[in-house]
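The values are calculated or read from the model by the stated rules, or taken from the named source; none is laboratory data. All values reported here derive from a predicted model rather than from experimental measurement. Every residue, glycine as well, gets a Cβ built from its backbone with ideal geometry; the counts of neighbours run over all protein chains shown. When the accessible area is computed, the model is the full protein with side chains, heavy atoms only, and any ligands, DNA or RNA have been set aside. Shrake-Rupley method; radii C 1.70, N 1.55, O 1.52, S 1.80 Å.
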Amino acid sequence: MVRRSQKRKLPKVTGLCRPEEGLRVKRSCPSCGPEPGGEEKKERGNPVSIQLFPPELVEHIISFLPVRDVVSLGQTCHYFHEVCDSEGVWRRICHRLSPRLQEQGSGVQPWKRAAILNYTKGLYFQAFGGRRRCLSKSVAPVLAHGYRRFLPTKDHVFILDYTGTIFFLKNALVSSTLGQKRACCYVVLCHGAKDFASDPRGDTIYRKYLYVLATREQPGVVDTAHSQSCDCVEVYLQSSGQRVFKITFHHAMSFKQMALVGLETQRTLLLLTEEGKIYSLVVNEAQLDQPHSYTGQLTLRKVSHDLPHLRVACMASNQGSTLYITDQGGVYFEVHTPGVYRDLFGTLEAFDPTYQQMPLPISLPAKVLFCALGYNHLGLVDEFGRIFMQGSNRYGQLGTGDKMDRGEPTQVPLYASSLCPTRECLYMLSGHDIEHHPTYRDLPASRVVGTPKPSLGAEAAQDPEVVAAQACEPYLGQIHSCPTLQECMETTKVIVGWMPLMATQEDFFWEALDMLQRAFGGVGQGPPTPDS
């Protein structure tokens with residue numbers, strides 16, 4: 001026997017508008033007011049709007065929400081967008097995430113930027129050895145104001161935050177019972193840092209010293225009671241964090257980036273000024289632990305001496321070469337060894353061993369924003385977010401899906417991210433800065449797959465790649481009109497000779513066509529069909 005469920009009465013709600021049977025009410029949002037066109041005939045109770053509450057109370061309540069929910073709530077209506085975007089809400093959230101953060105910095109929305117920087121900061125890594133392929137997260141320094149850069153060494157990890165503080169994560173790779181890796185503790189290494197660098201080789205066993213570019217207050221000179229701020233390079237032992245050497249520059253010199261080139265006995269320190277000039281200084285690491293002092297001289301690098309019109313924006317280096325990116329998006333490559341030159345360009349035709357520091361331009365169809373440099377290959381990211389790889393591909397490191405070397409920049413179907421591979425594991429840095437606007441631009445419509453073909457009147461404004469593709473259509477017509485397969489092969493070989501291909505690619509196609517011609521030499525007559 002089935003018992004009928006009794007109809008339960010809805011609880012009575014006072015102070016809110018609730019539609020009932022036979023009752024027409026006004027359609028409205030409790031925060032933004034009535035909806036346009038809404039009609040009210042009878043209303044039970046008084047509707048409560050959140051706008052009646054004091055703004056301080058609303059901000060206080062919203063500040064207890066997670067950062068992700070605050071951003072989502074700000075997308076519901078105009079009122080919540082203004083409240084969730086106010087600095088009062090983000091100041092409370094920032095104090096909850098980082099209670100020790102006193103200064104909010106500068107910018108249009110300093111508290112919102114500080115809160116999101118501390119909410120999104122994180123350092124993850126995955127060990128290459130063992131059966132487990134789990135992703136681990138390192139200990140997050142409470143005092144760190146976001147993560148700007150990081151550098152793994154033999155035993156530890158160094159992190160630079162947005163206030164110029166370097167954190168020393170000791171014993172960053174400690175094995176646990178589950179086979180994972182984790183960082184155990186951290187200390188503050190120094191303050192006022194702009195950049196840091198170590199041995200440019202990928203194997204962390206060579207990273208014995210940590211070079212830190214920082215700004216320090218120097219005591220007042222003679223007849224001057226005030227101190228001066230000078231840039232300096234401090235050298236620390238990566239094993240203990242002890243400072244062993246310091247290089248101080250003139251107060252008129254201001255630098256923003258640093259890179260290392262060469263081996264230990266002939267280490268070259270590259271310094272990028274605010275004006276876009278490159279200076280170099282030779283340091284012998286074998287003598288850094290010996291107490292001594294000397295006076296050195298900065299020399300202008302050849303890229304700034306011979307090409308004074310170039311303004312370098314950033315640079316990357318390894319033990320034998322350097323890559324420069326200008327403020328206009330141009331790329332210049334400085335190579336020092338013939339082996340690396342051959343791996344990158346596929347030939348030694350233009351290599352001059354007596355003029356090794358002269359940078360060579362690398363042509364790309366768009367502006368380059370970021371770069372990375374390995375031992376014998378490089379990666380470039382253009383203004384459209386595309387990644388181009390060039391150099392040796394013996395182990396498939398270019399990401400093209402094969403093991404063929406590339407003597408010219410080749411686009412790969414990947415997206416850029418902040419990664420740092422070592423021999424032990426792969427590091428991944430997370431963080432978001434709201435003041436860094438999206439730097440990528442949308443591709444032109446002619447380069448997007450699936451774009452309809454433009455009209456004939458707009459042919460002059462087409463993309464060069466589209467025009468080149470349309471120019472190949474008559475070649476296909478010539479091949480299709482050949483009566484025999486032998487004539488198709490001969491015509492194809494002639495057309496391949498007309499195309500602007502590299503010498504190695506042209507030889508490959510000709511050899512492949514000869515092999516096909518020999519294999520199918522006895523095929524019967526008749527015009528080829530599209531299926532064949």
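Compute the length gained on full extension between Cys185 and Lys256: take 0.36 nm times their separation in residues and subtract their Cα-Cα distance, giving the result in nm to one decimal.
Details: separation 71, 0.36 × 71 = 25.56 nm, distance 2.93 nm.
The Cys185-Lys256 span can extend by a further 22.6 nm.
Compute the signed sum of charges (Lys and Arg +1, Asp and Glu -1) over the other residues within less than 13 Å, Cβ to Cβ, of Gln486.
Numbers: positive: Lys493, Arg518; negative: Glu487, Glu490, Asp514.
So the surrounding residues net to -1.
Let me check I've understood the local charge: for Ser280, count other residues with C-beta under 12 angstrom from its C-beta, Lys and Arg +1, Asp and Glu -1. What total comes out?
On the way: positive: Arg267, Lys277, Arg301, Lys302; negative: Glu334.
Once positives and negatives cancel, what remains is +3.
Determine, for each peptide in 322-334, 384-396, 478-490, the mean count of other beta carbons within 10 angstrom over its residues, then list the peptides with the highest first.
Numbers: 322-334: 19.8, 384-396: 18.2, 478-490: 15.2.
My ranking of the peptides, most packed first, is 322-334, 384-396, 478-490.
Relative contact order of region 231-346: what whole-number percent is it, with Cα pairs under 8 angstrom and at least 6 residues apart?
The value is 17 percent.
On a 1.4 Å probe surface of the protein chains, which of Asp231, Asp514, Asp405 comes out largest in accessible area, and what is the full order?
On the way: Asp231 10, Asp514 40, Asp405 90 Å².
The ranking, largest first, comes out as Asp405, Asp514, Asp231.
Once R0 is set to 35 Å, what does the formula 1/(1 + (r/R0)^6) return for the Cβ-Cβ distance between Thr299 and Ala140, expressed as a FRET efficiency to the nearest 0.05? Spell out each step's value before the answer.
Numbers: r = 41 Å, r/R0 = 1.18.
The value I calculate is 0.25.
Evaluate Rg over Rh across region 198-316, taking Cα atoms for both radii and Kirkwood's formula for Rh. Write down the numbers at each step before the final one.
Details: Rg = 15.3 Å, Rh = 15.6 Å.
The Rg/Rh ratio comes out at 0.98.
Per residue, how much accessible area does region 240-327 have with a 1.4 Å probe, in Å²? Intermediate results must be reported in sequence, preceding the final value.
On the way: 4200 Å² over 88 residues.
I get 48 Å² per residue for this part.
What full-extension length gain, to one decimal in nm, is calculated for Lys246 and Glu274 as 0.36 nm per residue of separation minus the Cα-Cα distance? Please report the intermediate quantities before stating the final value.
Working: separation 28, 0.36 × 28 = 10.08 nm, distance 2.12 nm.
This chain segment gains 8.0 nm when fully extended.
Hull surface divided by four, with the convex hull built on the Cα atoms of region 246-345: how many nm²? Please list the in-between numbers first.
Working: hull surface 29.2 nm².
For the Cα atoms of region 246-345, the hull's average projected area reads 7.3 nm².
Put Trp498, Trp111 in order of accessible area, largest first, 1.4 Å probe: what do you get?
Values: Trp498 145, Trp111 25 Å².
From most exposed to least exposed: Trp498, Trp111.
Roughly how many nanometres apart are two label points built 7 Å out from the Cα toward the Cβ at Met499 and Val282?
That separation, rounded to one decimal, is 4.9 nm.
Between Leu369 and residues 5 or more places away or on another chain, which pairs have amide H atoms under 5 Å apart, with H built 1.01 Å from N, and which residues are they?
Under 5 Å from the amide H of Leu369: Val381, Asp382, Glu383.
Which order do peptides 49-57, 251-259 fall in by mean Cβ count within 10 Å, highest first?
Numbers: 49-57: 11.1, 251-259: 16.6.
In decreasing order of mean packing, 49-57, 251-259 become 251-259, 49-57.
Note down the nm distance, to one decimal, between modelled labels 7 Å out along Cα→Cβ at Asp514 and at Gln51.
Roughly 8.3 nm, to one decimal.
Suppose each label sits 7 Å from its Cα in the direction of the beta carbon; what would the Cys232-His60 distance come out to in nanometres?
4.8
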